[in-house]
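Trainee: This structure is in structure tokens; I'll ask about it shortly.
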Ligand SMILES: [Zn+2]
């Protein structure tokens, strides 16, 4: 019998569906049986969409294809239904079929976004828009880069030829999630539905345990104790041309360029649930150390490398800290870019405890 995607459930047996493969990605697995490959993505028909996993799928299938599926199974995975294709499933390509897909996007809190589901629905506050123009087919178009913030974190959002008012809340249905340099971002194109919604409560602090930060999310906080401070950080000299750190009084690649003094720190923080690599740049460290721009004037610096190292050790090591910043995905797993570093006191601790009560859906 032929059925539709919205009728599928865990009891589904011996049904046939005709669906469009909306996305198809490959993943490698390593088990004791050896290395293998499986595929996953989204499929859908006029009634709705569903994520799927294919343990085996014909190599000719591409995203955008319409296929007939027989002998598949449906199970709950990560709180949502998922269709499973294996070696017993008949996958028949229907090259002449056209299929309109009703897109139903799952609602996500920003903190819970992940690349297993790339077309999503997210609601939040629009902040800090910057317009850029670009050319497409000889026409001048506008893309607006802004920040979307909810009660769990924030994310960068690019709006193509759409205008949203900063300071207002919107539900963005069908935005595309992608990763760039370890951070997530959302893109809203002409198929994305956007409606204004009522404002909701945004906490001052969104604190997370380190083991909760496995995927990128901006504008969050962590607390803990620094157990390692990298000795190559501190007061550093940088080439004003290429921004690289230089050991000498001039850059080997730009001997004419001015050398500037800068602050940088990298360290490991621990909170009882895990540890994480962190780094902090000029703005965060100037505030922590009480330095001003003129103190870092290379002609007459008001501090020294040894003094900065001594102060960083004193203000970072072995005392409870609260770090505000962005969780990013580096080559060695999750890491944290601190934008503000504060010593934990009773008032801050109270705010942190309140933030743990935010319900993550
Ligand atoms: Zn240089």
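Trainee: For the stretch 206-230: of the residues being touching a residue at least 40 places away in the same chain (Cβ under 8 Å) and part of a loop (DSSP other than H, G, I, E, B), which is nearest to the ligand (Cβ to nearest atom)?
Mentor: For the stretch 206-230, the residue satisfying everything is 216.
Trainee: Take the conditions in a strand (DSSP E or B), under 32 Å from the mean Cα position of the chain (by Cα), more than 16 Å from the ligand (Cβ to nearest atom) and surrounded by 14 or more Cβ atoms within 10 Å (Cβ to Cβ) and apply them to residue 326. Does it pass?
Mentor: Yes.
Trainee: Here is a further query. Any idea which of 238, 250, 243 is at positive phi, in the same structural domain as residue 334 (by TED's automatic domain parsing) and within 16 Å of the ligand (Cβ to nearest atom)? Lay out the reasoning, then the answer.
Mentor: Values: 238 fails: at positive phi; 250 fails: at positive phi.
Within the list 238, 250, 243, the selection yields 243.
Trainee: Next up: For the condition free of Cβ contacts under 8 Å to residues at least 24 places away in the same chain, within 29 Å of residue 188 (Cα to Cα) and surrounded by 12 or more Cβ atoms within 10 Å (Cβ to Cβ), what is the one hit in 152, 142, 53, 147?
Mentor: Just one listed residue meets the conditions, 142.
Trainee: Within the stretch 253-303, take every residue that is touching a helix residue (DSSP H, G or I) at 6+ places or on another chain (Cβ under 9 Å) and under 14 Å from residue 240 (Cβ atoms) and give me the one that is nearest to the ligand (Cβ to nearest atom).
Mentor: The residue in question is 260.
Trainee: Across the stretch 104-115, what is the number of residues that are closer than 21 Å to residue 6 by Cα and surrounded by 17 or more Cβ atoms within 10 Å (Cβ to Cβ)? Don't jump to the end; show me each part of the working.
Mentor: Step one: list which residues in the stretch 104-115 are closer than 21 Å to residue 6 by Cα, which gives 104-108.
Still in the running and surrounded by 17 or more Cβ atoms within 10 Å (Cβ to Cβ): 105, 108.
Looking only at that region, the number is 2.
Trainee: Identify, please: which residue in the stretch 329-349 is loosely packed, with under 11 Cβ neighbours inside 10 Å and within 27 Å of the chain's Cα centre (by Cα) and is, among those, modelled with the highest pLDDT?
Mentor: Per the stated criteria, the residue is 333.
Trainee: What is the residue count in the stretch 176-202 for residues that are free of Cβ contacts under 8 Å to residues at least 60 places away in the same chain and not in a loop (DSSP other than H, G, I, E, B)?
Mentor: Residues that pass the stated criteria total 9.
The values are calculated or read from the model by the stated rules, or taken from the named source; none is laboratory data. Only a predicted model underlies this, so the values are computations on that prediction, with no experimental measurement involved. Positions of Cβ are generated from backbone atoms using ideal geometry, with glycine treated the same way; all protein chains shown enter the neighbour counts.
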